[in-house]
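Visitor: Before anything else, here's the structure in question.
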Amino acid sequence: MVARIKKLRTGLLALCCLVSLGLGGELALAESAAPSYNYSYWGNAVAAPSAYEATTLITGASSGAGPFNNPQDIQVTADKQIYVLDSGNNRFVILDQDYKSVKTVDAFQFKGKAEKFNNPQGIYVTQQKEVYVADTGNKRIVHLDSSFKAVGIIEAPKSELLQANFEFQPVRVAVDKADRIYVMSAGVFDGFMEFGADGVFKSFIGANRVHVDAVEYFWKSISTKAQREQMVMYTPTEFTNLDINDEGFLYATNGDDYGDPIKKLNAQGADILRREGYYKPSGDLLYSTRSGGAPRLVDIDVSDSEIYAVLDASRGRVFTYNGDGYLLYIFGGIGNRLGEFNTPVAIEHSGDDILVLDQALGEITVFQTTEYGRTLNSAVRSYYNGDEEMASREFSKVVNLNANMEYAYAGIGKAFLRQGEYKESAEYFERSMDRTNYSKAFLLYRKEVLRGHFSTIMTGLIALVALWLGLRMFRKMKARKKVELH
Amino acid sequence: MNREALQHPLYVMVHPFNGYWDLKYERSQKTSLILSFGILFMLILTNVLGEQYSGFLVNLNNPRYLNSLLEAVYVLVPVLFWCVANWSLTTLMDGEGKFVEIFITTCFALLPIVLINFPWIWISNFISAQESSFYYFFKNFAILWSGLLMYVGIMTVHQFSPSKTIGTILLTLLAMAFMAFLTLLFFSLVQQMIAFVSTIYQEIVLRR
């Protein structure tokens with residue numbers, strides 16, 4: 001009896017263990033409190049080590065420039081100077097590497113007159129440290145040289161491309177190496193406004209496409225012209241932000257729910273962003289309306305090796321992708337702790353660090369890489385630079401730190417492929433769910449095996465055929481004998 | 001069961017008109033029924049093995065969510081729905097087939113899917129992405145073959161004209177959809193009734 005109860009108890013215990021194991025094995029949900037996660041090939045949110053950790057909080061007061069009031073944009077130069085556009089105070093503040101204020105600019109000289117900013121929204125600093133400010137309240141772009149004297153001012157352009165009632169409200173600005181100026185203007189649906197180095201308006205580039213659903217199309221097609229005029233006008237989605245990389249490609253985010261919220265535009269305005277990852281780069285895949293609904297991408301930042309990070313304002317998260325469109329890591333959030341934001345508006349990188357500007361709190365949060373983040377960054381960089389052996393070594397380290405990082409297995413697989421280890425290569429590609437590369441590696445492996453065992457296979461085949469023929473002859477002979485006997 | 005009886009499904013595959021005629025008028029129904037269940041079982045087995053062991057390049061399933069019992073249901077429910085819908089319709093449309101005959105016909109028609117798909121589970125492990133088009137070709141080929149057998153089978157078992165058979169098949173599909181709708185409705189209603197009773201029970205229990 002006692003033995004039976006004991007048996008029952010162990011059985012129950014085992015069952016409980018199994019059940020709790022099952023619970024423990026549940027995938028981390030994007031909505032859960034897990035601070036760091038990534039999306040697997042299957043679209044599930046799986047826990048991941050954090051790649052970045054918030055280390056410093058910069059406020060206007062701590063930098064010595066006085067409190068920021070509603071700052072809208074930041075820009076970091078190559079020598080790690082931070083330009084903070086303090087919109088509420090109509091100025092921009094330059095911070096040095098130690099996050100101390102070195103200069104505050106709230107007025108400039110233009111044609112002998114002292115001018116001021118009025119609610120500026122966007123700032124861009126070129127490599128020569130010339131500053132472009134989208135002076136929204138004054139409806140102009142201000143171009144300052146490195147000693148903050150006005151070189152030129154772009155007022156509302158006149159062109160056939162623009163409508164008569166066009167209102168020039170520049171909110172974001174970016175400048176490429178050839179000094180072409182790209183302006184994002186509020187209320188413009190035709191894309192970015194492109195200005196030449198001389199400040200003359202050239203054209204629009206990269207308009208988003210209109211999405212019309214089938215039902216809407218049907219109603220429009222059967223309604224009269226008068227009815228159509230009463231209907232809601234469908235206009236393309238506006239861009240929300242832009243950045244420019246070293247090669248002069250524009251990276252842009254928009255509020256498109258259907259299409260691609262992230263775009264990389266070439267000189268013709270065509271979208272050339274690579275989307276080879278497990279799913280299209282677009283921020284969170286799983287979300288509920290309770291936690292803010294669909295991702296609302298408000299800023300994008302491109303760093304070296306085609307790595308880019310986007311900022312989602314609805315959940316305060318930063319998503320970083322590599323040039324092929326694989327999601328590398330996610331961090332940040334909405335909240336009150338260090339590393340969480342209230343209303344994030346802008347993101348910038350400073351070396352390997354990432355800075356996020358919070359508009360309502362007037363703070364900049366500085367994120368620094370953890371060992372995991374450093375390794376992953378270096379792996380992606382070495383792969384981008386063609387150093388596959390180094391990349392493979394770094395990816396192996398990444399896998400040791402995070403076995404769920406499916407993308408990393410492909411990196412190891414590619415190095416094996418290069419070394420001629422086709423079998424291992426195919427195994428790693430399978431783990432990374434990379435079917436195209438798996439097929440390549442597998443074909444090579446199959447060829448290798450077939451070549452190695454060609455004689456064995458052929459001998460076996462010939463032997464089989466001979467055996468079959470022999471059997472047939474044997475049977476025939478037997479049958480003939482039977483006939484003869486009868 | 002003799003050797004010839006076992007070979008009859010294969011004969012039906014390549015000579016559907018004669019084969020189905022024999023099936024209806026010559027063969028022992030008991031033997032055919034056993035064979036039908038055998039084919040159905042093999043189809044389930046093929047499906048389960050295929051989901052699990054097909055080559056990486058053509059297997060797009062998440063192995064974490066595979067359920068062999070559900071795979072069996074995915075085979076059994078459509079076959080049963082098809083048979084029931086076809087039987088219900090053809091009794092009204094002067095079909096000569098009995099339910100058992102319809103069932104046997106249907107199962108015999110599914111044999112090409114088993115015979116073609118089963119070896120491809122293993123072959124698909126040795127093909128590259130370019131060669132996977134062969135895999136898909138043979139899968140579609142198997143389905144087409146089965147469809148043809150099904151058509152001839154229904155025609156023979158009910159002694160219908162070719163055009164009437166097509167009409168019957170289309171109507172059967174419609175009836176299947178209708179049945180699926182009714183089943184879902186039924187289950188949803190039962191679920192709501194259970195929820196209602198359990199809520200009342202909770203209210204009473206918590207009142208004390």
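Visitor: Answer rounded, prolate or oblate for chain B, using the Cα gyration tensor with square roots of eigenvalues a ≥ b ≥ c: rounded when a/c is under 1.5, else prolate when a/b is larger than b/c, else oblate.
Guide: Taking the square roots of the gyration eigenvalues as a ≥ b ≥ c, chain B is oblate.
Visitor: Nothing charged except the Cβ atoms of Lys and Arg (+1) and of Asp and Glu (-1): what's the magnitude of the dipole of segment A:92-152 about its Cα centre? Round to the nearest 20 debye.
Guide: Magnitude of the dipole: close to 260 debye.
Visitor: So what is the relative contact order for segment A:41-90, in percent, with contacts set as C-alpha pairs under 8 Å and at least six apart?
Guide: Dividing the mean separation by the residue count of segment A:41-90 yields 25 percent.
Visitor: How many Cβ atoms of partner chains, on average, are near each residue of A:37-47 if near means within 10 Å of its Cβ?
Guide: 1
Visitor: Return the FRET efficiency for the residue pair A:E229, B:V100: r is the Cβ-Cβ distance, R0 is 51 Å, and the value is rounded to the nearest 0.05.
Guide: 0.15
Visitor: Could you tell me which GluC sites (Glu not before Pro) in segment B:74-168 are loop residues by DSSP with no more than 16 other beta carbons within 10 angstrom of their beta carbon?
Guide: Filter output for segment B:74-168: B:E96, B:E131.
Visitor: Shifting gears a bit: From the cross-link list A:K80/A:K264; A:K113/A:K158; A:K129/A:K280; B:K98/B:K164; A:K149/A:K263, which pairs have alpha carbons spaced over 27 Å apart?
Guide: A:K129/A:K280; A:K149/A:K263
Visitor: Can you tell me the relative contact order of segment A:145-233? Whole percent, Cα pairs under 8 Å, sequence separation 6 or more.
Guide: Computed value for segment A:145-233: 17 percent relative contact order.
Visitor: Rolling a 1.4 angstrom probe over the protein heavy atoms, how many square angstrom per residue are accessible across chain B?
Guide: Here the residues of chain B average 60 Å² of exposed surface.
Visitor: List, in order, the whole-Hz ³J(HN,Hα) value for each residue of segment A:246-260 obtained from phi through the Karplus relation with A = 6.51, B = -1.76, C = 1.60 and θ = phi - 60°; use x for Gly and Pro.
Guide: Those phi angles translate into 4, 8, x, 7, 8, 10, 9, 10, 9, x, 6, 7, 9, x, 9 Hz.
Visitor: While we're looking at this one, here's another question. Between beta-carbons, use under 14 Å as the cut-off and find the net charge around A:H211, counting Lys and Arg +1, Asp and Glu -1.
Guide: -4
Visitor: List the accessible area buried at the contact between B and A, summed over both sides and calculated with a 1.4 Å probe, in Å² to the nearest 100.
Guide: That pair hides around 1100 Å² of surface in total.
Visitor: Also: Using alpha carbons only, how many angstrom separate the centre of segment B:1-27 from the centre of segment B:124-162?
Guide: 19
Visitor: So which lysines pass the test for A:K447, namely a Cα distance under 25 Å, with those fewer than 8 places away in the same chain ruled out?
Guide: A:K414, A:K423
Visitor: While we're looking at this one, here's another question. Of A:T104, A:T126, A:A410, which is farthest along the charge dipole of chain A in the positive direction, counting Lys and Arg as +1 and Asp and Glu as -1 at C-beta?
Guide: A:A410
Visitor: Next question. Between A:A294 and A:A47, what's the calculated FRET efficiency when r is the beta-carbon distance and R0 is 30 Å? Round to 0.05.
Guide: So the FRET efficiency works out to roughly 0.85.
Visitor: What are the ³J(HN,Hα) couplings of segment B:196-204, residue after residue, when phi is run through the Karplus curve with 6.51, -1.76, 1.60 and θ = phi - 60°? Round to Hz, x for glycine and proline.
Guide: So the J values, rounded to whole Hz, are 4, 4, 5, 5, 4, 4, 4, 4, 5.
Visitor: Still on this structure, I have one more. Give a residue-ordered list of calculated ³J(HN,Hα) values for segment B:16-27 (Karplus: 6.51 cos²θ - 1.76 cosθ + 1.60, θ = phi - 60°; whole Hz; x for Gly, Pro).
Guide: Along segment B:16-27, the couplings run x, 5, 5, x, 5, 4, 4, 4, 7, 10, 9, 7 Hz.
Visitor: Can you grab the distance from the C-alpha centre of segment A:412-486 to the C-alpha centre of segment A:178-250, Å, no decimals?
Guide: A separation of 58 Å, based on Cα centres.
Visitor: Averaged across B:129-136, how many Cβ atoms of other chains sit within 10 Å of each residue's Cβ atom?
Guide: For this peptide, the per-residue mean of nearby foreign Cβ atoms is 2.
Visitor: Exactly which trypsin sites (Lys or Arg not before Pro) in segment A:43-127 are in a DSSP loop and have at most 11 other Cβ atoms within 10 Å?
Guide: For trypsin sites (Lys or Arg not before Pro) across segment A:43-127 that sit outside H, G, I, E and B with at most 11 neighbouring Cβ atoms in 10 Å, the list reads A:K111.
Visitor: I need to check one value: relative contact order of chain B, counting alpha carbon pairs closer than 8 Å and at least 6 residues apart, in percent.
Guide: 27
Visitor: Would you mind getting me the FRET efficiency between A:N336 and A:L285? Use the beta-carbon distance for r and R0 = 35 Å, nearest 0.05.
Guide: With a Förster radius of 35 Å, E is 0.85.
The values are calculated or read from the model by the stated rules, or taken from the named source; none is laboratory data. Since we're looking at a predicted model, the values are computed, not measured. Methodologically, a virtual Cβ is constructed for each residue, glycine included, from the backbone with ideal geometry; neighbour enumeration extends over all protein chains shown. What goes into the accessible areas is simple: the full protein's heavy atoms, side chains included, and nothing from ligands, DNA or RNA. Shrake-Rupley method; radii C 1.70, N 1.55, O 1.52, S 1.80 Å.
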